[in-house]
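One structure follows; several queries about it will come next.
The values are calculated or read from the model by the stated rules, or taken from the named source; none is laboratory data. Computed from a predicted structure; not experimentally measured. Here Cβ is always computed from backbone atoms with ideal geometry, including for glycine, and neighbour counts include all displayed protein chains. Heads up: the accessible areas ignore ligands, DNA and RNA and are worked out on the full protein's heavy atoms, side chains in. Shrake-Rupley method; radii C 1.70, N 1.55, O 1.52, S 1.80 Å.
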Amino acid sequence: PSAVLMTHAKVYVLAQYTNTEALEHFALERLWNVLHSIKPLSKNSRLIKEIISLVEYVYANTNALVNSEEPLRRIISTFCASLSLELQDQPEFHSLLHAGGIL
């Protein structure tokens, strides 16, 4: 699912750049569906690394909104929060958090 995850994120970013609201919503919906189909990560280190890459991409390519939460960031952060017990022991996730920034 990782290539699919990144593809939906990239489509969202492109749609946002071109101000194509219908495509933004479509990409968000598809990404949400794929994320919710992912099984527990604890034994899939490749998928964990790909999700971390997805988080990095999303936060590097979307802007924080002043009065509301950016929709793609909200989906990604909610997904990561739901997997916090699985991600907390991953060195890659700790590196991401310690890198600072807006995460």
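Need one number: nm distance between label points at His25 and Ser37, each 7 Å from Cα along Cα→Cβ, rounded to one decimal.
With each label placed 7 Å out from Cα toward Cβ, I get 2.2 nm.
Counting only protein heavy atoms and a 1.4 Å probe, tell me what percentage of the stretch 19-89's accessible area is made up of carbon and sulfur. Before the final figure, lay out the partial values.
Values: 2250 of 4400 Å².
Roughly 51 percent of what the probe reaches on the stretch 19-89 is carbon or sulfur.
Measure off 7 Å from each Cα along the Cα-to-Cβ vector at Leu47 and His94, then give the distance between these two points in nanometres to one decimal.
2.3 nm
Now for a separate question. Could you work out the relative contact order of the chain, using alpha carbon pairs under 8 angstrom and six or more residues apart, expressed as a whole percent?
Values: 70 pairs, mean separation 27.5, N = 103.
Once divided by the residue count of the chain, the mean separation gives 27 percent.
Provide the per residue accessible area, probe 1.4 Å, for the chain, rounded to a whole number of square angstrom. Present the calculation step by step, with values, prior to reporting the outcome.
Numbers: 6420 Å² over 103 residues.
Ligands and nucleic acids excluded, the figure is 62 Å² per residue.
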